[in-house]
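Take a look at the structure below.
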Amino acid sequence: MHLAKRSQIHRNHFNPKFLFPLPHMVTRVILVRHGESSFNVERRVQGFLDESTLTDQGQAMAHQVGEALSEISFDAVYSSTLRRAKDTAEIVLTHLKTAPKVPLQPVDSLKEINLMLWEGMLFGDVEKIYPNEYEQWKNYPHKLSMMIPQENGETAEYFPVVELFDRAQQFWQEFLPNHGNQTVLLVAHSGINRALIGTAIGLNASGYQAVQQSNCGISVLNFAGGWGDLVQVESLNQTAHLGEPLPNPKQGYHTRLLLVRHGETEWNRQKRFQGQIDVPLNDNGRSQSNQAAEFLKAIPIDHAITSPMLRPKETAEVILQHHPDVALDFEDNLKEISHGLWEGKLESEIEQEFPGELQRWQQTPEVVQMPAGENLQQVWDRATTAWDEIVQAAVNQPKPGTTLVVAHDAVNKAILCYVLGLEPNRFWSFKQGNGAVSVIDYAAADQPPVMMAMNITAHLDGGVLDKTAAGAL
């Protein structure tokens, strides 16, 4: 991979102070999967094979992505060298205001997963001919291996998903030093995109199936420096720009949970620590709740649960105005983290009273005990216990459906980490905007879920970037 360096670093795209707990030089990466291809329609394995082309629908989707990204100024644009991704990127570039200035750079390291023995086959035939390997692919992707013939007549064992994750990590290690404080567009494929997201936040190859990448879905990652520094997933797999408010479920995943953060409060706006002080929504928060309600109006909701605190309770009630037959249940374990003696205070006041503790919370949240409050493990334990109970009840319903869960920033972040099998030290990996919607699908309570989308905020301002108040956490 050869990633071009740029001598000029642009510092006017966004302020990293509002993206991370501490100010950093930030690289923002907008990650897009290619549009619908002929092999997607036929349900064929694509991989490295370069015979698949964009359908008319796939080209239209690429134009929709271009429109959605048209107001963003990019410092660089990369794509896979495979034509379904490269063609998508070229269409997107025609809509970007920076298109005349930023050339497309195709690189081999963004190619799709190499499934050499399966490529060109129908997925149904793969399942019949390679039943054990297909089972590994679906449920134990890190164990998937293929015996590849060698020139000397022998065979070698090859692990496609493990190799893909190694390639994704190498990409980041080479890419990040060249793009500090820049905004970059990457257009690639489902598998490599999942590996890029996974390696960025600490997932290994076993988590390959844990996040979804829809055709022309948009994800946003913010890197606070180089490889090994904090990475925040601002959003995952947005599809609203395609006319699909929420991604379609994967085959076999019948139970859907919508995780929503409450609307804005005045203390969010002031960046004052709230915790378990029962601050109500402000006018903007009520507006955000109504926008979330309109966004979810056409989505069938079967059950609803909220933290009993005022701000999520009111948000849930506004959303359910369009679902009058759905009762709202309350769960105490979904209450926000207790910040103890920090509650009601600004960051500057906390630093003055508790020198160094705020920085520890922002860098190593898993080791901080809030004075007269909770630590992250306590919040984690109660939030994930509540989540497991909610999932169990949802999956065991006679008729699978959708459950709405409305809670808080810290609680939602803990749940999102837990859903992906991450530990509390990854707490800052996910952004949760006021009024944002995340989508998690389950096939069964004892099977790993799929994060279909995370932190959707397009209904709040119409854009792909989260512009909600960061708040104080």
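The values are calculated or read from the model by the stated rules, or taken from the named source; none is laboratory data. Keep in mind the model is a prediction, meaning the values are calculated, not measured. Cβ: placed from backbone, ideal geometry, glycine included. Neighbour counts: every protein chain shown.
Among the residues of the range 422-449, write down those that are assigned to a strand (DSSP E or B) and closer than 30 Å to Val368 by Cα.
Hits for the range 422-449 are Phe430, Val437, Ser438, Val439, Ile440.
Just the residues that are touching a strand residue (DSSP E or B) at 6+ places or on another chain (Cβ under 6 Å) and either closer than 18 Å to Ala458 by Cβ or in a strand (DSSP E or B) (or both), please, taken from the range 286-329.
His303, Ala304, Ile305, Thr306, Thr315, Leu328, Asp329
Looking only at residues that are over 21 Å from the mean Cα position of the chain (by Cα) and free of Cβ contacts under 8 Å to residues at least 40 places away in the same chain in the range 248-283, which one is surrounded by the most Cβ atoms within 10 Å (Cβ to Cβ)?
That would be Leu281.
For the range 42-50, does any single residue satisfy the condition of being more than 28 Å from Gln232 (Cα to Cα) and assigned to a helix (DSSP H, G or I)?
Scanning the range 42-50 turns up at least one residue that is more than 28 Å from Gln232 (Cα to Cα) and assigned to a helix (DSSP H, G or I).
I'd like the full set of residues that are closer than 24 Å to Leu203 by Cβ and either of a type outside the set (Gly, Ala, Ser) or over 28 Å from the mean Cα position of the chain (by Cα) (or both), limited to the range 92-115.
Val107, Asp108, Leu110, Lys111, Glu112, Ile113, Asn114, Leu115
Results for (1) aliphatic (A, V, I, L, M); (2) surrounded by fewer than 23 Cβ atoms within 10 Å (Cβ to Cβ), shown as yes or no for each residue.
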site: Pro141; (1), (2): no, no
site: Met147; (1), (2): yes, yes
site: Tyr158; (1), (2): no, yes
site: Val162; (1), (2): yes, yes
site: Phe165; (1), (2): no, no
site: Asn181; (1), (2): no, yes
site: Val187; (1), (2): yes, no
site: Ile197; (1), (2): yes, no
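Kindly indicate whether Lys128 is among the charged types (D, E, K, R), within 28 Å of the chain's Cα centre (by Cα) and in the same structural domain as Val29 (by TED's automatic domain parsing).
It is false that Lys128 is among the charged types (D, E, K, R), within 28 Å of the chain's Cα centre (by Cα) and in the same structural domain as Val29 (by TED's automatic domain parsing).
On the given criteria, is Ser206 under 24 Å from Leu420 (Cα atoms), of a type in the set (Gly, Ala, Ser), under 15 Å from the mean Cα position of the chain (by Cα) and surrounded by 15 or more Cβ atoms within 10 Å (Cβ to Cβ)?
So Ser206 does not fit the description; no.
For the range 306-315, does any single residue satisfy the condition of being in contact with a His (Cβ under 7 Å, 6 or more places away or on another chain) and either more than 21 Å from Ser438 (Cβ to Cβ) or among the hydrophobic types (A, V, I, L, M, F, W, C) (or both)?
no
Across the range 25-41, what is the total count of residues that are small (Gly, Ala, Ser) and in a helix (DSSP H, G or I)?
Counting residues in the range 25-41 that are small (Gly, Ala, Ser) and in a helix (DSSP H, G or I) gives 1.
Of the numbered conditions (1) touching a strand residue (DSSP E or B) at 6+ places or on another chain (Cβ under 6 Å); (2) under 30 Å from Arg269 (Cβ atoms), Thr402 fails exactly one; give the number of that condition.
Here Thr402 meets the rest and fails (2).
Determine which member of the set Trp387, Trp380 is crowded, with 21+ Cβ neighbours inside 10 Å, without any contact (Cβ under 8 Å) to a residue 40 or more places away in the chain and either more than 17 Å from Asn237 (Cα to Cα) or polar (S, T, N, Q) (or both).
Trp387
Determine which member of the set Met116, Met121 is at pLDDT below 95, aliphatic (A, V, I, L, M) and surrounded by fewer than 20 Cβ atoms within 10 Å (Cβ to Cβ).
None of the others qualify; the one that does is Met116.
Any residue at all in the range 23-33 that is surrounded by 15 or more Cβ atoms within 10 Å (Cβ to Cβ), of a type in the set (A, V, I, L, M, F, W, C) and at pLDDT below 95?
Among the residues of the range 23-33, at least one is surrounded by 15 or more Cβ atoms within 10 Å (Cβ to Cβ), of a type in the set (A, V, I, L, M, F, W, C) and at pLDDT below 95, which makes the answer yes.
Just the residues that are small (Gly, Ala, Ser) and under 17 Å from the mean Cα position of the chain (by Cα), please, taken from the range 162-203.
Correct list: Ala168, Ala188, Ser190, Gly191, Ala195, Gly198, Ala200, Gly202.
Out of the residues in the range 333-360 meeting the condition of being in contact with a His (Cβ under 9 Å, 6 or more places away or on another chain) and within 17 Å of Pro424 (Cα to Cα), tell me which one is surrounded by the most Cβ atoms within 10 Å (Cβ to Cβ).
For the range 333-360, the residue satisfying everything is Ile337.
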